[in-house]
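So the structure is just underneath, and the comments pick up after that.
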Amino acid sequence: MGCLFKILRWVVGLFLGSTILVVVLYKFMPVVFTPLMFIRGVENITDGKSPFWHHTWVSLDKMSRYMPVAVIASEDQRFMSHHGFDFKAIEEAAQYNKKHQLADGSHTKVRGASTITQQTAKNVFLWPGSSVASRWVRKGFESYFTVLIELIWGKERIMEVYLNSIEMGDGIYGVQAVAEQNFDCDASDLTRSQCALVAATLPNPRVYSSKSPSNYMYRRQRAIQMQMKYIPLFEP
(Lines give C-alpha, C1' and ligand atoms only; values in the text may rest on other atoms or scores of the structure.)
Protein backbone atom coordinates (compact mmCIF):
# COMPACT_ATOMS: atom_id res chain seq x y z
CA MET A 1 0.00 0.00 0.00
CA GLY A 2 2.86 2.33 0.84
CA CYS A 3 4.53 1.59 -2.49
CA LEU A 4 1.28 2.30 -4.37
CA PHE A 5 0.94 5.61 -2.54
CA LYS A 6 4.50 6.59 -3.50
CA ILE A 7 3.83 5.77 -7.16
CA LEU A 8 0.60 7.75 -7.09
CA ARG A 9 2.38 10.68 -5.47
CA TRP A 10 5.08 10.61 -8.16
CA VAL A 11 2.48 10.42 -10.93
CA VAL A 12 0.55 13.38 -9.51
CA GLY A 13 3.75 15.34 -8.96
CA LEU A 14 4.94 14.62 -12.51
CA PHE A 15 1.59 15.66 -13.96
CA LEU A 16 1.48 18.91 -11.99
CA GLY A 17 5.09 19.76 -12.70
CA SER A 18 4.92 19.02 -16.44
CA THR A 19 1.63 20.81 -17.03
CA ILE A 20 2.67 23.91 -15.10
CA LEU A 21 5.94 23.95 -17.05
CA VAL A 22 4.10 23.76 -20.39
CA VAL A 23 1.71 26.55 -19.37
CA VAL A 24 4.65 28.74 -18.32
CA LEU A 25 6.43 28.07 -21.63
CA TYR A 26 3.30 28.90 -23.62
CA LYS A 27 3.11 32.25 -21.85
CA PHE A 28 6.09 33.26 -23.99
CA MET A 29 6.22 30.80 -26.92
CA PRO A 30 3.85 30.74 -29.92
CA VAL A 31 1.42 27.80 -29.96
CA VAL A 32 2.15 26.46 -33.43
CA PHE A 33 0.28 23.15 -33.18
CA THR A 34 -2.73 21.89 -31.22
CA PRO A 35 -4.30 18.47 -30.61
CA LEU A 36 -7.28 19.47 -32.78
CA MET A 37 -5.00 20.14 -35.76
CA PHE A 38 -3.56 16.65 -35.37
CA ILE A 39 -7.02 15.07 -35.08
CA ARG A 40 -8.29 16.91 -38.16
CA GLY A 41 -5.20 15.71 -40.05
CA VAL A 42 -5.93 12.11 -39.07
CA GLU A 43 -9.57 12.56 -40.15
CA ASN A 44 -8.37 13.76 -43.55
CA ILE A 45 -6.15 10.69 -43.94
CA THR A 46 -8.98 8.31 -42.99
CA ASP A 47 -11.18 10.10 -45.57
CA GLY A 48 -8.54 9.44 -48.23
CA LYS A 49 -7.31 13.04 -48.32
CA SER A 50 -3.94 14.59 -47.64
CA PRO A 51 -3.75 16.26 -44.23
CA PHE A 52 -3.74 20.05 -44.48
CA TRP A 53 -4.09 23.08 -42.30
CA HIS A 54 -3.51 26.81 -42.55
CA HIS A 55 -2.02 28.41 -39.48
CA THR A 56 0.32 31.37 -38.96
CA TRP A 57 0.99 32.80 -35.54
CA VAL A 58 0.68 36.58 -35.22
CA SER A 59 0.95 38.68 -32.08
CA LEU A 60 -2.10 40.48 -30.74
CA ASP A 61 -0.79 43.87 -31.85
CA LYS A 62 -0.63 42.57 -35.45
CA MET A 63 -4.36 41.78 -35.50
CA SER A 64 -7.25 44.07 -36.25
CA ARG A 65 -8.24 45.80 -33.03
CA TYR A 66 -11.84 44.77 -33.76
CA MET A 67 -11.14 41.03 -33.66
CA PRO A 68 -10.93 40.67 -29.86
CA VAL A 69 -13.98 42.91 -29.51
CA ALA A 70 -15.96 40.73 -31.93
CA VAL A 71 -15.21 37.45 -30.15
CA ILE A 72 -15.89 38.98 -26.74
CA ALA A 73 -19.24 40.28 -28.03
CA SER A 74 -20.06 36.90 -29.57
CA GLU A 75 -18.57 34.37 -27.16
CA ASP A 76 -17.93 35.84 -23.71
CA GLN A 77 -19.10 39.35 -22.86
CA ARG A 78 -17.84 39.13 -19.26
CA PHE A 79 -14.37 37.97 -20.36
CA MET A 80 -12.55 40.88 -18.72
CA SER A 81 -14.37 40.60 -15.39
CA HIS A 82 -14.50 36.85 -14.66
CA HIS A 83 -11.62 34.63 -13.55
CA GLY A 84 -12.04 31.85 -16.09
CA PHE A 85 -15.58 30.73 -15.23
CA ASP A 86 -18.71 32.78 -15.81
CA PHE A 87 -20.99 31.47 -13.08
CA LYS A 88 -23.85 33.74 -14.09
CA ALA A 89 -23.73 32.33 -17.63
CA ILE A 90 -23.55 28.79 -16.22
CA GLU A 91 -26.68 29.40 -14.14
CA GLU A 92 -28.51 30.95 -17.10
CA ALA A 93 -27.50 28.04 -19.36
CA ALA A 94 -28.68 25.50 -16.78
CA GLN A 95 -32.09 27.19 -16.52
CA TYR A 96 -32.37 27.45 -20.31
CA ASN A 97 -31.45 23.80 -20.87
CA LYS A 98 -33.85 22.65 -18.14
CA LYS A 99 -36.63 24.62 -19.84
CA HIS A 100 -35.89 22.92 -23.19
CA GLN A 101 -35.43 19.39 -21.82
CA LEU A 102 -37.77 16.70 -23.13
CA ALA A 103 -39.26 13.84 -21.14
CA ASP A 104 -36.62 11.38 -22.37
CA GLY A 105 -33.81 13.63 -21.11
CA SER A 106 -32.85 15.00 -24.53
CA HIS A 107 -33.01 18.71 -25.37
CA THR A 108 -34.68 20.63 -28.17
CA LYS A 109 -32.04 23.32 -27.73
CA VAL A 110 -28.84 23.42 -25.71
CA ARG A 111 -27.00 26.52 -24.53
CA GLY A 112 -23.37 26.36 -23.43
CA ALA A 113 -21.52 28.62 -21.02
CA SER A 114 -17.86 28.08 -21.86
CA THR A 115 -15.75 31.20 -21.51
CA ILE A 116 -12.98 32.22 -23.89
CA THR A 117 -10.51 31.01 -21.24
CA GLN A 118 -12.14 27.58 -21.12
CA GLN A 119 -12.21 27.36 -24.90
CA THR A 120 -8.51 28.28 -25.02
CA ALA A 121 -7.66 25.60 -22.46
CA LYS A 122 -9.58 23.02 -24.50
CA ASN A 123 -8.12 24.10 -27.85
CA VAL A 124 -4.49 24.14 -26.73
CA PHE A 125 -4.20 21.32 -24.22
CA LEU A 126 -7.06 18.87 -24.74
CA TRP A 127 -8.93 16.71 -27.23
CA PRO A 128 -12.52 16.71 -28.50
CA GLY A 129 -14.57 14.02 -26.79
CA SER A 130 -17.67 12.23 -28.01
CA SER A 131 -18.57 9.80 -25.23
CA VAL A 132 -20.14 10.99 -21.97
CA ALA A 133 -17.24 9.63 -19.90
CA SER A 134 -14.68 11.31 -22.15
CA ARG A 135 -16.50 14.63 -21.95
CA TRP A 136 -16.56 14.57 -18.15
CA VAL A 137 -12.87 13.68 -17.92
CA ARG A 138 -12.04 16.43 -20.41
CA LYS A 139 -14.14 18.93 -18.45
CA GLY A 140 -12.10 18.15 -15.35
CA PHE A 141 -8.81 18.77 -17.15
CA GLU A 142 -10.31 21.82 -18.86
CA SER A 143 -11.16 23.34 -15.47
CA TYR A 144 -7.63 22.65 -14.22
CA PHE A 145 -5.98 24.30 -17.24
CA THR A 146 -8.49 27.18 -17.11
CA VAL A 147 -7.35 28.04 -13.58
CA LEU A 148 -3.68 27.71 -14.58
CA ILE A 149 -3.81 29.98 -17.62
CA GLU A 150 -5.86 32.62 -15.81
CA LEU A 151 -3.22 32.68 -13.06
CA ILE A 152 -0.12 32.46 -15.26
CA TRP A 153 -1.05 34.05 -18.61
CA GLY A 154 -3.50 36.84 -17.88
CA LYS A 155 -6.24 38.15 -20.16
CA GLU A 156 -4.08 39.60 -22.93
CA ARG A 157 -2.13 36.38 -23.47
CA ILE A 158 -5.28 34.25 -23.26
CA MET A 159 -6.88 36.35 -26.00
CA GLU A 160 -3.73 36.18 -28.12
CA VAL A 161 -3.53 32.39 -27.89
CA TYR A 162 -7.28 32.01 -28.42
CA LEU A 163 -7.26 34.06 -31.62
CA ASN A 164 -4.26 32.14 -32.92
CA SER A 165 -5.45 28.62 -32.14
CA ILE A 166 -9.22 28.53 -32.60
CA GLU A 167 -10.66 26.72 -35.61
CA MET A 168 -12.14 29.28 -38.04
CA GLY A 169 -12.97 27.08 -41.02
CA ASP A 170 -12.07 23.77 -42.62
CA GLY A 171 -8.32 23.49 -42.04
CA ILE A 172 -8.15 27.14 -40.96
CA TYR A 173 -6.76 27.97 -37.52
CA GLY A 174 -6.35 31.46 -36.19
CA VAL A 175 -7.08 34.97 -37.36
CA GLN A 176 -4.15 35.33 -39.76
CA ALA A 177 -5.11 32.15 -41.61
CA VAL A 178 -8.77 33.13 -41.90
CA ALA A 179 -7.80 36.62 -43.10
CA GLU A 180 -5.58 35.14 -45.82
CA GLN A 181 -7.88 32.31 -46.89
CA ASN A 182 -11.27 34.03 -46.71
CA PHE A 183 -10.57 37.75 -47.16
CA ASP A 184 -7.24 37.85 -49.02
CA CYS A 185 -5.64 40.20 -46.50
CA ASP A 186 -3.58 40.19 -43.30
CA ALA A 187 -5.08 39.91 -39.83
CA SER A 188 -4.27 43.57 -39.20
CA ASP A 189 -6.39 44.65 -42.19
CA LEU A 190 -9.65 42.95 -41.22
CA THR A 191 -12.49 45.43 -40.99
CA ARG A 192 -14.99 45.67 -38.16
CA SER A 193 -17.69 43.92 -40.21
CA GLN A 194 -15.29 41.16 -41.31
CA CYS A 195 -14.28 40.53 -37.69
CA ALA A 196 -17.94 40.26 -36.73
CA LEU A 197 -18.52 37.80 -39.58
CA VAL A 198 -15.60 35.63 -38.45
CA ALA A 199 -16.93 35.67 -34.88
CA ALA A 200 -20.36 34.67 -36.19
CA THR A 201 -18.92 31.37 -37.47
CA LEU A 202 -17.38 30.26 -34.19
CA PRO A 203 -20.23 28.09 -32.88
CA ASN A 204 -19.47 25.72 -35.77
CA PRO A 205 -16.82 27.04 -38.20
CA ARG A 206 -16.89 23.87 -40.32
CA VAL A 207 -20.58 24.45 -41.08
CA TYR A 208 -20.77 28.25 -41.08
CA SER A 209 -18.47 30.08 -43.49
CA SER A 210 -17.12 33.62 -43.37
CA LYS A 211 -16.06 33.24 -47.00
CA SER A 212 -19.49 32.29 -48.35
CA PRO A 213 -21.88 33.44 -45.63
CA SER A 214 -25.55 32.55 -45.64
CA ASN A 215 -28.36 34.94 -44.73
CA TYR A 216 -28.30 33.43 -41.25
CA MET A 217 -24.62 34.35 -40.96
CA TYR A 218 -25.33 37.93 -42.01
CA ARG A 219 -28.02 38.16 -39.31
CA ARG A 220 -25.54 36.90 -36.72
CA GLN A 221 -22.96 39.36 -38.02
CA ARG A 222 -25.37 42.29 -37.55
CA ALA A 223 -26.28 41.14 -34.05
CA ILE A 224 -22.60 40.87 -33.08
CA GLN A 225 -21.87 44.32 -34.50
CA MET A 226 -24.66 45.73 -32.33
CA GLN A 227 -23.13 44.11 -29.24
CA MET A 228 -19.65 45.33 -30.19
CA LYS A 229 -20.81 48.90 -29.52
CA TYR A 230 -20.85 48.08 -25.81
CA ILE A 231 -17.46 46.32 -25.67
CA PRO A 232 -14.38 48.52 -25.11
CA LEU A 233 -11.53 48.13 -27.57
CA PHE A 234 -9.11 45.46 -26.37
CA GLU A 235 -5.74 47.24 -26.58
CA PRO A 236 -2.59 45.07 -26.15
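The values are calculated or read from the model by the stated rules, or taken from the named source; none is laboratory data. Everything numeric in this text was worked out from a predicted model, so none of it was measured. For neighbour counting, all protein chains shown are included, and Cβ atoms are generated from backbone atoms with ideal geometry for every residue, glycine included. Heavy atoms of the whole protein, side chains included, go into the accessibility calculation; ligands, DNA and RNA do not. Shrake-Rupley method; radii C 1.70, N 1.55, O 1.52, S 1.80 Å.
At a threshold of 8 angstrom on Cα-Cα distance, excluding pairs fewer than six apart, so keeping six or more, what relative contact order does the chain reach in percent?
Across the chain, relative contact order equals 27 percent.
For the chain, what is the charge dipole size about the Cα centre, in debye to the nearest 20, if Lys and Arg each add +1 at the Cβ and Asp and Glu each add -1 at the Cβ?
With Lys and Arg at +1 and Asp and Glu at -1, about 620 debye.
What full-extension length gain, to one decimal in nm, is calculated for Asn215 and Glu92 as 0.36 nm per residue of separation minus the Cα-Cα distance? List each step's numbers first, then the result.
Numbers: separation 123, 0.36 × 123 = 44.28 nm, distance 2.79 nm.
Extra length from Asn215 to Glu92 when fully extended: 41.5 nm.
Between Asp47 and Ile20, what FRET efficiency comes out of the Förster formula 1/(1 + (r/R0)^6) with R0 = 41 Å and r the beta carbon distance, rounded to 0.05?
For Ile20 and Asp47, the calculated efficiency is 0.65.
Considering only protein heavy atoms and a 1.4 Å probe, what is the carbon-and-sulfur percentage of the accessible area of the chain?
Taking all protein chains in place, the chain shows 60 percent carbon and sulfur surface.
With semi-axes √(5λ) of the Cα gyration tensor in Å defined as stated, name the option among (i) 30, 23, 20; (ii) 27, 21, 15; (iii) 33, 30, 16 computed from the structure displayed.
(i)
Would you tell me the accessible area of Lys139, worked out with a 1.4 angstrom probe on the heavy atoms of the protein chains, in Å² to the nearest 10?
Around 80 Å² of this residue is reachable by solvent.
Take Glu156 and Lys62, extend 7 Å from each Cα along the Cα→Cβ direction, and tell me the distance between the two endpoints in nm.
Going from the Glu156 label point to the Lys62 one covers 1.7 nm.
If DNA, RNA and ligands are ignored and the probe is 1.4 Å, what is the ranking of Ser64, Ser18 by accessible area, most exposed first?
So, going from the largest accessible area down, we get Ser18, Ser64.
Okay, helix-only estimate at 222 nm for the chain: each DSSP H run of n ≥ 4 adds -39500 (n - 2.57), divide by all residues, round to 500 deg cm²/dmol; what do you get?
The helix contribution divided over the chain gives -18500 deg cm²/dmol.
For Val124, what accessible area in Å² do you get when you roll a 1.4 Å probe over the heavy atoms of the protein chains, rounding to the nearest 10?
10 Å²
If you plug each phi of segment 41-56 into the Karplus form 6.51 cos²θ - 1.76 cosθ + 1.60 with θ = phi - 60°, what whole-Hz ³J(HN,Hα) values come out, in order, with x for Gly and Pro?
x, 5, 4, 4, 5, 5, 8, x, 10, 7, x, 8, 7, 10, 7, 9
Using a 1.4 angstrom probe on the protein heavy atoms only, could you order Leu16, Leu190 from most to least accessible area?
Leu16, Leu190
Determine the order of Thr19, Thr46 by accessible area, beginning with the largest, at a probe radius of 1.4 Å.
Thr46, Thr19
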